[in-house]
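I have placed the structure first, in the form of structure tokens, so that the comments after it can refer back to it.
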Amino acid sequence: MKKNIRGTILKIAIPVVLIGGTFILERMFNAKAEDFTNSAKVISEDNSQISIVDDKPLEIADKKSYGNIQGLSESFGFISNNEVIAGIGLSKEEFYKKYTKDSNKMTSDESNNAYEDMYGKVYKVKLDTLEKTPIKSNDKLISTRLVISGLSPDRTKFNFQDLSKVYNYNLTKDNFQAIKDVNIAEEEHGNWSEDSKCFIGYKDGDLELYNTETGTTKIVKVKSDDLYISAIPSFYSENGEEIYFIGEEKQNSSGKGDPRRQGIYKVNSRTGKVEDVMLLSYVDRTSNKFGKSNYKENCIPSVEYYVLDEGKRILFEGILDDEDGTYIYDVEKKEFHKVINHLDSKEGSFSSPCYVSPDKTKVVYLNRANEGGKEVWNLYAAKINGNSFTSRILIKKDINLVSSLYNAVQWSQDSKQILFFDTDKSEVKNGFVINDKAVVNLVTFK
């Protein structure tokens, strides 16, 4: 695991230029939200709620750790109770034997080949035997680096790209279908809708909605002269109609400075109406303190967030008025409830990635802790109870996860089991970081 998780999170600001005013975008802004300019209404929990156990406490029924998958680089999750999709490359010994040159001295082609071998190809892996079966496209193995958004929520398909096209791979039928032409230089990003019928991507400042059942694509307009998508992929939708995204808007002001604010918005793909769901305070991008190393901007630094209770609550990581943590936002009350406090780490700001169960009643998350004078990463589970986390359980202390952070923990479809891979250590050599081994961990909740 990288020492500073926040450094792995994509956060971009995309300038928007309107060409010829060829479209009109309907927007609805709540009057109260427009006045939300000075500070966030933060209700900071002291973590007393997190230890509360109700009449149905969260309990672990079974816990297993076994096996050793050499070269595992990515976990895409369960496709059945005993089978997962994973990216597997060269083992540590194989990699360092093949690549002896320092990464800083490699040519572009040499570096690309090294990372291709590190991340490897996509396989089906049976958890009980660790037997792996490659997934192929036109008799060629699929590069882990070219998988776009991982498995669909129903675990039946995933998408990937090659030099010229984006494909959907159907795991049930064991075949694939080209869905659009692309330029490999333009990396694709996107997310599946919760019903697995739509894939939501980014296209020139707007959203691109692809329907897997009809095979049709629709551009959903978002960008305007004062609003743009600020983080990708940050898209969420139940069925492709109401689409959530992280955006940033400029303040309509004739005064000095460049005040802007981030927020979570939603757009109706049928009507084109855009609504704000959650807004942070304005930040003046020209102020003296902006850009300083110790300055904490009001922002949403992670592209991962969860829409709970049919849109009544949003679980996200944020920095609000210098308070860095994980929050549940109550949409109706416009209140921010801090559910994860962050340690004042000597290494600076960090994130606490959350993994919410499919039924949205439980959460597993990482957090930094001080154990005997040493800062470590611990893995916890808790119940989601309104605006709080309750009944917290420590799953593993001083953990070193294998896989990208957004994929590090995977839930089973029945919300009863989690899968994660960890390792004893990661070796750093010649500018590369290779995991020593990948151990299978399965936790079953009662």
Exercise for the section: Mind telling me which of the residues 92, 98 ends up being at pLDDT 95 or above, over 25 Å from the mean Cα position of the chain (by Cα) and of a type in the set (D, E, K, R)? Expected result: 98
Exercise for the section: Of the conditions (1) at pLDDT below 95; (2) in a helix (DSSP H, G or I), residue 77 clears all except one; give me its number. Expected result: (2)
Handout entry: Unique residue being touching a helix residue (DSSP H, G or I) at 6+ places or on another chain (Cβ under 8 Å) and either closer than 16 Å to residue 128 by Cα or open to solvent by less than 10 Å² (accessible area, probe 1.4 Å) (or both) when the list is 420, 432
Key = 432
Practice task
Kindly check whether there is at least one residue in region 39-59 that is under 30 Å from residue 344 (Cα atoms), open to solvent by less than 50 Å² (accessible area, probe 1.4 Å) and either at pLDDT 95 or above or part of a helix (DSSP H, G or I) (or both).
Solution key: yes
Problem - Condition broken by residue 108, with the remaining ones in (1) under 23 Å from residue 441 (Cβ atoms); (2) without any contact (Cβ under 8 Å) to a residue 12 or more places away in the chain satisfied - result: (1)
Practice task
Give region 258-275 a look and list any residue that's within 21 Å of the chain's Cα centre (by Cα) and open to solvent by 10 Å² or more (accessible area, probe 1.4 Å), or say none.
Solution key: 266
Handout entry: Which numbered condition residue 358 fails, given (1) within 18 Å of the chain's Cα centre (by Cα); (2) of a type outside the set (A, V, I, L, M); (3) under 30 Å from residue 297 (Cα atoms)
Key = (3)
Exercise for the section: Would you check which residues across region 211-228 are within 27 Å of residue 251 (Cβ to Cβ) and not aromatic (Phe, Trp, Tyr) and list them? Expected result: 220, 221, 222, 223, 224, 225, 226, 227
Problem - Flag for residue 240 being open to solvent by less than 50 Å² (accessible area, probe 1.4 Å), out of contact with any Asp or Glu (no Cβ under 7 Å at 6 or more places or on another chain), assigned to a strand (DSSP E or B) and touching a residue at least 12 places away in the same chain (Cβ under 8 Å) - result: no
Practice task
Filter region 243-257 down to residues that are more than 19 Å from residue 149 (Cβ to Cβ) and open to solvent by 10 Å² or more (accessible area, probe 1.4 Å) and give me whichever is modelled with the highest pLDDT.
Solution key: 250
Practice task
Collect the residues in region 371-404 that are surrounded by 19 or more Cβ atoms within 10 Å (Cβ to Cβ), within 19 Å of the chain's Cα centre (by Cα) and not in a strand (DSSP E or B), keeping them in residue-number order.
Solution key: 402, 403
Handout entry: Contacts under 9 angstrom Cβ, first residue in region 124-152 being over 18 Å from residue 179 (Cβ atoms), partner assigned to a strand (DSSP E or B) and open to solvent by 90 Å² or more (accessible area, probe 1.4 Å), 6 or more apart
Key = 124/132; 125/132; 126/132
Fill in the blank from the handout: Restricting attention to region 340-353, the residues that are out of contact with any Gly (no Cβ under 8 Å at 6 or more places or on another chain) and under 18 Å from residue 320 (Cα atoms) number exactly 8
Practice task
Kindly indicate which of 213, 188, 194 is under 24 Å from residue 79 (Cα atoms), open to solvent by less than 50 Å² (accessible area, probe 1.4 Å), among the acidic types (Asp, Glu) and in a loop (DSSP other than H, G, I, E, B).
Solution key: 188
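The values are calculated or read from the model by the stated rules, or taken from the named source; none is laboratory data. Source: prediction; values computed, not measured. Don't worry about glycine lacking a Cβ; one is built from the backbone with ideal geometry, like all the others, and counts go over all protein chains shown. Just so you know, the surface numbers come from the protein's heavy atoms only, side chains and all, with ligands and any DNA or RNA stripped out. Shrake-Rupley method; radii C 1.70, N 1.55, O 1.52, S 1.80 Å.
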